[in-house]
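Written below as structure tokens is the structure these notes are about.
All of the numbers you see were taken from the coordinates with simple rules; none came from a lab. From a predicted model like this one, the values you see are computed outputs, not experimental measurements. Virtual Cβ from ideal backbone geometry, glycine too; neighbours counted across all protein chains shown.
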């Protein structure tokens, strides 16, 4: 299926859309005034050590100190990522040690950000530095060598292993072959390795000269990261509407992947790129609560503080006449499993995710749905873990993300409903108004006239269906009640004033 990348560069924001077969598969955006720090390398200073949680707090020059767990310190027990197969392990001792044994207060150390600050938490840090290149990831503090498990061909893995053995990699430095390394030549790997080694040398020199806290290396912006990480052989074209970024892309591509240079296209038309490619309308739907399925079913995506819930509904889909109910529901779940994986990537959902598929009696059907979801999730670059489907059709999974969700930047809590997604009904408010009026008149027995200001919809209810209750209050307290519609009032707000 044809895969295209579109990059729109504006003064305030840079956006990236990945489209497959006319469908938006991935969307990324970065504000120019937002400080993205994942991947940055700092010279930090240890501020404090908390033995109870096995962590230390490191001052890196940001408003909030970053935190460093003992497991993220070089020299402690460590494993490569689950999606990396170890090719060779040179001798290096890793131990289970206490944080106070490996880090000292006021010590100056080199750290890299692995997770953005969020809420009250500072950035998560590691001393296990990694420098991603085009085909390799350089690990200057870990001497192990590995190949991405996403490269499935045994023949190709053997070929890459031979290339790794022939590279002049220092004994104290490790590397991982990325998926982009498939079918690349030894020359490509040598070029990439030399580029990364020069970068590491500059970082070490900066560390020696800088005074903590200091930024030693800044990760590239979203345009460069997309070119480096996502512009692979299966991309038909990459189109960008910024001449400056276009030229920089050509320069980088000519150095590391000249065979892909012709696939980079500069978009110069007057009509905005995303409008021309019908991407804008697709982005507008990314954060909608309901997601329609082609079968007539739909998903409901709900985000809470603790988890994300995705509910699968059959909707109007009744299946074919020759199908039984079980087969019909299974067909909806099959489509939903694929769409759920896509929505998780598209929205960059993270943390605990619970998916409630339509109940299926057949254990074979449940197993197939799990396998489909598991296969679709492999397209995701984020680290995920899926638990087996339950008899009720529930699947629990976790997904790790390193950045602040873009939805939280685009949207703010609704000032009207305060994020509840609902307000009190007009009838409920009318009841509350009569209740408040009774309390006010009870405590102000001398009042001969009061004015109640409410939202126009509530006022209409009090003038009509609930007029009987207002008249009853006037008779009981011998006071006139004037209902005043006020358009500027929130539907849940009520103002009561004594007039006479």
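Multiplying the sequence separation of residue 294 and residue 34 by 0.36 nm and subtracting their Cα-Cα distance, what value in nm do you get?
Additional length available on full extension: 89.9 nm.
Of the labelled options (1) 98, 70, 54; (2) 96, 71, 51; (3) 144, 52, 51, which one gives Cα extents along the principal axes in Å as computed for this structure?
(1)
With each pseudo-label sitting 7 Å past Cα toward Cβ, what's the residue 183-residue 48 distance in nm, one decimal?
5.5 nm
Quick check on region 365-445: what are the equivalent-ellipsoid semi-axes from the Cα gyration tensor, as sqrt(5λ), descending, whole Å?
Taking √(5λ) for each Cα gyration eigenvalue gives 50, 20, 10 Å.
Looking at the chain, what % of its DSSP beta bridges pair antiparallel, to the nearest 5?
75 percent
For Cα pairs less than 8 Å apart in space and 6+ apart in sequence, what is the mean separation divided by the residue count of the chain, i.e. the relative contact order in percent?
11 percent
Under a crude label model (7 Å from the Cα following the beta-carbon direction), how far is residue 423 from residue 326 in nanometres?
My value for the distance between the label points is 4.9 nm.
Show me 236-246, 335-345, 373-383 ranked by packing, highest mean number of other Cβ atoms within 10 Å first.
Most protected by this proxy first, the peptides run 335-345, 236-246, 373-383.
Can you tell me the orientation of helix 325-347 relative to the chain, as the angle in degrees between its alpha-carbon axis and the longest Cα principal axis, to the nearest 10?
70 degrees
Sort 386-392, 99-105 by packing, meaning the average of other beta carbons within 10 Å per residue, with the highest value first.
Going by the mean number of other Cβ atoms within 10 Å, highest first, we get 99-105, 386-392.
Could you work out the relative contact order of region 424-496, using alpha carbon pairs under 8 angstrom and six or more residues apart, expressed as a whole percent?
The normalised contact order for region 424-496 reaches 46 percent.
For labels at residue 442 and residue 211 in the simple 7 Å Cα→Cβ model, what's the distance in nm?
Between residue 442 and residue 211, the label points sit 6.9 nm apart.
For the chain, find the longest principal axis of its Cα atoms and tell me its angle to the long axis of helix 243-256, 0 to 90°, nearest 10.
Helix 243-256 and the main axis of the chain meet at about 40 degrees.
Can you compute the FRET efficiency between residue 375 and residue 478 using 1/(1 + (r/R0)^6), with r the Cβ-Cβ distance and R0 = 56 Å? Round to the nearest 0.05.
The computed FRET efficiency comes out at 0.15.
Stretched out fully, how many nm does the piece from residue 250 to residue 385 gain, at 0.36 nm a residue minus the Cα gap?
That works out to 44.9 nm of additional length.
Tilt of helix 154-166 relative to the longest C-alpha principal axis of the chain, in degrees (0 to 90, nearest 10)?
60 degrees
How large is the helix-only mean residue ellipticity at 222 nm for the chain, computed as the sum of -39500 (n - 2.57) over DSSP H runs with n ≥ 4, divided by its residue count, in deg cm²/dmol to the nearest 500?
-9500 deg cm²/dmol
Please report 1, 397 as a ranked list, fewest other C-beta atoms within 10 angstrom at the top and most at the bottom.
By the 10 Å Cβ count, ascending, the order reads 1, 397.
Gain in length, residue 64 to residue 451, computed as 0.36 nm per residue apart minus the alpha-carbon separation, to one decimal in nm?
Additional length available on full extension: 134.3 nm.
Only bridges with both residues in region 286-408 count here: give the DSSP antiparallel percent, nearest 5.
Restricted to region 286-408, the bridges split so that about 80 percent are antiparallel.
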